[in-house]
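Have a look at the structure below before the remarks.
The values are calculated or read from the model by the stated rules, or taken from the named source; none is laboratory data. Being a predicted model, the structure only gives us computed values, none of them experimental. No Cβ is skipped: glycine too gets one built from the backbone with ideal geometry, and neighbour counts run over all protein chains shown. Calculation scope for accessible area: heavy atoms of the full protein, side chains included, ligands and nucleic acids excluded. Shrake-Rupley method; radii C 1.70, N 1.55, O 1.52, S 1.80 Å.
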Amino acid sequence: LFKQLLGSGEQVNSSTIVGLIPVFHPFGYLSLTDCIHGFCVKSGILSQPSVSTALTTVYSRLNEIKSARLLFDESFEKTPASWNAMISGYTQNGLTEAAISLFQEMQRSEVIPNPVTVTSILSACAQLGALSLGKWVHSLVKSKNFESNIYVSTALIDMYAKCGGISEARELFDLMVGKNVVTWNAMISGYGLHGQGQDALKLFSEMSHSGATPNGVTFLSVLYACSHAGLVEEGEKIFQSMIHDYHYKPLPEHYACMVDILGRAGQLEKALKFIKEMPVEPGAAEWGALLGACVIHKDKKIARVASEKLFDLDPESVGYYVLLSNLYSVQRNYRLAASVRQNVKKRKLAKTPGCTLIEIGETPHVFTSGDQSHPQASAIYAMLEKLIRKMKEAGFQTEIDTALHDVEEEEKELMINVHSEKLAIAFGLIATDPGTEIRIFKNLRVCVDCHTATKFISKITERVIVVRDANRFHHFKDGLCSCGDYW
């Protein structure tokens with residue numbers, strides 16, 4: 001139709017082009033987007049804000065972030081919509097720090113943020129665990145009277161839940177008059193993240209009675225909550241109800257969550273049977289959940305079955321090799337652990353480096369394992385030595401089984417003692433007043449040794465320590481963790 005329009009000699013305007021750009025269904029249309037972009041440059045329409053914004057949105061959704069940012073930077077007129085498109089693009093692609101940086105630039109440019117801006121930036125805060133900025137955005141929401149906007153309120157609930165403030169999230173949830181399915185999902189998912197499975201189930205029941213129809217995300221959130229609270233029977237009931245009462249066809253992630261529920265509870269044979277009896281071909285998600293459970297429960301036999309499937313299905317994913325290597329190391333089968341690691345080197349696969357973030361005031365500090373780059377590094381290491389001495393006096397023993405096998409025991413202990421979460425906690429103890437709660441955010445699953453160490457530190461220092469890892473929240477107090485050592 002567009003070609004006919006060009007052939008007729010009619011004038012093409014910005015509305016025509018925006019209608020042509022595949023904003024809502026961009027996937028698979030990168031070359032088409034490039035062609036439209038080229039046409040806009042030749043015809044001089046690219047200077048129209050609506051056109052450049054639509055193209056920025058499509059490039060962002062196609063993960064062509066450099067192209068999106070170039071368009072944004074070259075825009076003659078930056079409207080609130082163009083700022084929103086770029087901030088949202090960064091957030092959706094996990095580039096949270098870039099999203100926050102651009103939002104701050106937007107503030108300096110005196111462009112007034114609207115509910116769309118706020119929703120995107122709250123999502124970035126949630127991903128990064130940037131609670132102080134999230135609270136600042138909340139105050140902005142109040143000053144602009146955006147609280148009645150359902151998307152903004154839902155984003156606030158999600159932000160507080162993912163930044164450790166589950167009670168603040170619930171307060172906001174209870175104050176909301178109108179709730180959509182995403183609002184319910186945000187709160188249920190928040191309870192799952194904090195290991196509060198019974199609260200998640202109770203809220204799911206309230207949702208069902210409220211008339212709101214659960215969707216795939218709802219069921220996934222409830223199953224996840226059951227998994228992290230050891231609620232096997234309840235999880236099985238929800239799964240069956242999803243299929244038979246709500247007639248929802250499970251996706252791979254629902255099956256994987258069911259495997260996780262059974263596996264975490266130690267029912268590995270049942271989890272394997274569940275996978276084999278699935279009505280669809282099991283994929284990497286289901287076998288990956290089973291392998292993770294095998295590592296927790298040190299089951300080498302089923303781990304071998306799961307890993308063989310995974311190496312066929314997803315040979316480029318380094319995480320499965322790491323899990324299997326850790327299992328062999330725990331069992332002190334260092335020869336097999338070495339062969340797995342050698343395979344990783346041969347395939348040139350790279351493990352995601354672990355890092356931990358802690359906010360002091362409004363300043364984020366990021367630590368990596370053995371990090372010496374912090375300005376207060378000497379004080380941090382002195383604090384860590386002091387803590388380790390007191391912990392050992394209290395009965396703490398370093399968990400060195402999963403450390404690299406080709407070094408001496410003493411060296412393994414030194415390596416584990418400088419994990420990024422321990423450094424972040426030590427810095428938190430130096431940089432905050434006695435009695436202040438410490439919150440840290442780890443990009444990977446917290447290791448067994450750091451989990452045990454944090455329990456000891458919480459008791460020794462009489463501090464509440466909140467840790468968000470890749471899976472969930474851990475609230476440490478008086479030597480105990482809210483997960484009950486079930487994670």
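Glu64 fulfils the conditions (1) under 21 Å from Ile36 (Cβ atoms); (2) surrounded by fewer than 17 Cβ atoms within 10 Å (Cβ to Cβ) except for a single criterion, (2).
For the range 193-245, list the helices (runs of 4 or more DSSP H) that sit wholly inside it and hold at least 2 residues that are in contact with a helix residue (DSSP H, G or I) (Cβ under 8 Å, 6 or more places away or on another chain) and under 22 Å from Phe173 (Cα atoms); which are they? Please lay out each step first, then the result.
Values: elements: 197-210, 216-227, 232-244.
Ranges flagged: 197-210, 216-227.
Kindly indicate whether Leu323 is modelled with pLDDT of 75 or more, crowded, with 17+ Cβ neighbours inside 10 Å and within 18 Å of Ala256 (Cα to Cα).
Numbers: modelled with pLDDT of 75 or more: no; crowded, with 17+ Cβ neighbours inside 10 Å: yes; within 18 Å of Ala256 (Cα to Cα): yes.
No: the conditions fail for Leu323.
Determine, yes or no, whether Met242 is surrounded by 15 or more Cβ atoms within 10 Å (Cβ to Cβ), out of contact with any Ser or Thr (no Cβ under 8 Å at 6 or more places or on another chain) and of a type outside the set (Gly, Ala, Ser). For Met242, the condition - surrounded by 15 or more Cβ atoms within 10 Å (Cβ to Cβ), out of contact with any Ser or Thr (no Cβ under 8 Å at 6 or more places or on another chain) and of a type outside the set (Gly, Ala, Ser) - is met.
Sort out which residues of the range 21-37 are part of a helix (DSSP H, G or I) and farther than 11 Å from Leu55 by Cβ, and write them in order of number.
Leu30, Ser31, Leu32, Cys35 - these are the residues of the range 21-37 that are part of a helix (DSSP H, G or I) and farther than 11 Å from Leu55 by Cβ.
Among the residues examined, Thr218 qualifies as within 22 Å of Gly190 (Cβ to Cβ) and buried (at least 21 other Cβ atoms within 10 Å of the Cβ). Put simply, of Leu262, Leu310, Leu290 the only residue that is touching a Lys or Arg at 6+ places or on another chain (Cβ under 6 Å), open to solvent by less than 30 Å² (accessible area, probe 1.4 Å) and assigned to a helix (DSSP H, G or I) is Leu262. If you go through the range 454-487 and keep only what is under 22 Å from Glu359 (Cα atoms), among the small types (Gly, Ala, Ser) and open to solvent by less than 40 Å² (accessible area, probe 1.4 Å), you end up with just Ser458.
Residues of the range 464-487 that are assigned to a loop (DSSP other than H, G, I, E, B), more than 16 Å from Ile388 (Cα to Cα) and out of contact with any Leu (no Cβ under 6 Å at 6 or more places or on another chain): Val464, Asp469, Asn471, Asp478, Ser482, Cys483, Gly484, Asp485, Tyr486, Trp487.
Being touching a residue at least 12 places away in the same chain (Cβ under 8 Å), in contact with a strand residue (DSSP E or B) (Cβ under 7 Å, 6 or more places away or on another chain) and of a type outside the set (Val, Ile, Thr) is a property that holds for Asp469. On the basis of being within 20 Å of Val295 (Cα to Cα) and either crowded, with 17+ Cβ neighbours inside 10 Å or aromatic (Phe, Trp, Tyr) (or both), does Phe204 make the cut? When the stated conditions are applied, Phe204 does not pass them. Can you tell me which residues in the range 266-300 are small (Gly, Ala, Ser) and closer than 20 Å to Ile243 by Cβ? Answer for the range 266-300, where residues must be small (Gly, Ala, Ser) and closer than 20 Å to Ile243 by Cβ: Ala271, Gly283, Ala285, Ala289.
Quick check on Thr452: is it in a helix (DSSP H, G or I), modelled with pLDDT under 95, closer than 27 Å to His228 by Cβ and not charged (D, E, K, R)? Give the derivation first.
Details: in a helix (DSSP H, G or I): yes; modelled with pLDDT under 95: yes; closer than 27 Å to His228 by Cβ: yes; not charged (D, E, K, R): yes.
It is true that Thr452 is in a helix (DSSP H, G or I), modelled with pLDDT under 95, closer than 27 Å to His228 by Cβ and not charged (D, E, K, R).
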